[in-house]
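Reading through the structure tokens given below for one structure.
Throughout, read-outs are computed from the coordinates displayed, never taken from laboratory work. Note that the coordinates shown come from a computational prediction; the quantities given were computed from them, not determined experimentally. Cβ placement follows ideal geometry from the backbone for every residue including glycine, while neighbour counts extend to all protein chains displayed.
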Amino acid sequence: MKANNTVPIHLGLILDGNRRWAETNGLPKLEGHRKGYENLKTIGLEALSQGVKYVSAYVFSTENWNRSKQEVDYLMRLLQYVTDKEIDEFHANNIRLRIMGTRERLSNKIIQSIEKAEEKTKLNTAGDLILCL
């Protein structure tokens with residue numbers, strides 16, 4: 001019997017448990033968020049390279065605003081890092097980066113970085129990496 005090699009069109013991911021993972025491994029909670037992003041990037045790039053057209057990741061919820069200022073600030077810096085520094089790698093891989101959801105509580109600096117990253121990759125055709133806020 002022939003194997004079914006169908007590739008899904010859309011892969012949805014929910015980032016959860018990063019803080020618990022860090023605690024279990026004796027690391028600071030913020031290190032869990034960094035590692036969670038690294039895993040998301042690895043999975044996302046691989047899925048898109050295998051023909052998945054859309055990889056959506058739910059990365060920041062309204063409840064996350066209730067976390068400590070230190071943790072929220074770190075997550076915002078991580079988002080800024082992705083849109084400022086990682087964008088070149090996504091662009092080189094022909095991946096379109098999209099940030100979905102409300103931006104009303106984001107700083108102007110982060111909003112400008114998101115807009116610049118989305119503009120840079122808007123014509124890329126290898127697939128969409130969608131970060132959901």
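Over the chain, what is the relative contact order in percent, taking alpha-carbon pairs closer than 8 angstrom and at least six residues apart? Intermediate values should be presented prior to the final figure.
Numbers: 173 pairs, mean separation 38.8, N = 133.
Relative contact order for the chain comes out at 29 percent.
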How far is the Cα center of region 16-71 from the Cα center of region 98-128, in Å?
-> 18 Å
Return the FRET efficiency for the residue pair Arg103, Ile9: r is the Cβ-Cβ distance, R0 is 30 Å, and the value is rounded to the nearest 0.05.
-> 0.70
Straight distance only, please: which lysines reach the Cα of Lys116 with their own Cα at less than 29 Å, same-chain residues fewer than 8 apart left out?
-> Lys35, Lys41, Lys53, Lys69, Lys85
Virtual spin-label span in nm between Asp84 and Glu46, 7 Å along Cα→Cβ = 3.0 nm
Return the loop-located GluC sites (Glu not before Pro) in region 22-68 (DSSP other than H, G, I, E, B) with at most 16 other Cβ atoms within 10 Å of their own Cβ; answer none if there are none.
-> none
Gain in length, Lys69 to Asn94, computed as 0.36 nm per residue apart minus the alpha-carbon separation, to one decimal in nm?
-> 5.5 nm
Counting only trypsin sites (Lys or Arg not before Pro) that are in a DSSP loop and have at most 16 other C-beta atoms within 10 Å, tell me the longest site-free stretch of the chain.
-> 3-52
How high is the FRET efficiency between Glu38 and Glu115 when r is their beta carbon distance and R₀ equals 35 Å, given to the nearest 0.05?
-> 0.90
